[in-house]
1. Given the criteria buried (at least 18 other Cβ atoms within 10 Å of the Cβ) and among the aliphatic types (A, V, I, L, M), does Val87 qualify?
2. Are any residues in segment 80-106 within 17 Å of Phe48 (Cβ to Cβ) and of a type in the set (Val, Ile, Thr), and if so, which ones?
3. So if I check each of Lys60, Lys114, Lys93, which one is surrounded by 12 or more Cβ atoms within 10 Å (Cβ to Cβ) and either over 20 Å from Pro12 (Cα atoms) or out of contact with any Gly (no Cβ under 9 Å at 6 or more places or on another chain) (or both)?
4. Do you know which residues across segment 1-59 are modelled with pLDDT of 85 or more, in a strand (DSSP E or B) and more than 18 Å from the chain's Cα centre (by Cα)?
5. Only one of these conditions is not met by Glu37: (1) touching a strand residue (DSSP E or B) at 6+ places or on another chain (Cβ under 6 Å); (2) buried (at least 20 other Cβ atoms within 10 Å of the Cβ). Which number is it?
Amino acid sequence: MSNTGVLSTFKPHTCTRCGVLHIVFKVNAPCPNCKLESSLNNHEHFKFTQALLVTMKKHKRKYGRYTPHVWFIENVSDSVSRVCFEVFDRLEKDKDGDHKLQIKKILDEMNWRKKGHLKIHVREIISELYKKYIQKKPQHTFFSRIKTLVTT
């Protein structure tokens, strides 16, 4: 699956202070570089994590994993999505352990080149995505098994 679907409609926001491209995924989400809060009021931007979650579920059904065989990187949204897919694939391989520590370790292992501010940004997006993923109680994933273990 290429990224010509819902996620391609999310265009990155350019910080008015430092010029860094980032995704405004929630109200007043600060720039990951200079921490300037966004004044963006377009609620479509805030649906990024929900659209990403839907895409991940489609990928999981179609490919048996979150990362598709082909994913074109055209903008920051595509890059962030690709990292999220990889992180959740790796979390699913290691079903035990502290997921916050695992996410930090996975992101620390990645080469961010001169875009280190994006690591923090992606971690925040993954945190939001993880919360939504848990709420959806997906079948046949480590998230639902953990939820079952906690509630029984």
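1. Yes, satisfied.
2. Val80, Val83, Val87
3. Details: Lys114 fails: surrounded by 12 or more Cβ atoms within 10 Å (Cβ to Cβ); Lys93 fails: surrounded by 12 or more Cβ atoms within 10 Å (Cβ to Cβ).
Result of the check over Lys60, Lys114, Lys93: Lys60.
4. Listed by number, the list holds a single entry, Thr14.
5. Of (1) touching a strand residue (DSSP E or B) at 6+ places or on another chain (Cβ under 6 Å); (2) buried (at least 20 other Cβ atoms within 10 Å of the Cβ), only one is false for Glu37: (2).
The values are calculated or read from the model by the stated rules, or taken from the named source; none is laboratory data. In this text, all values refer to a predicted model and were calculated from it rather than measured experimentally. Positions of Cβ are generated from backbone atoms using ideal geometry, with glycine treated the same way; all protein chains shown enter the neighbour counts.
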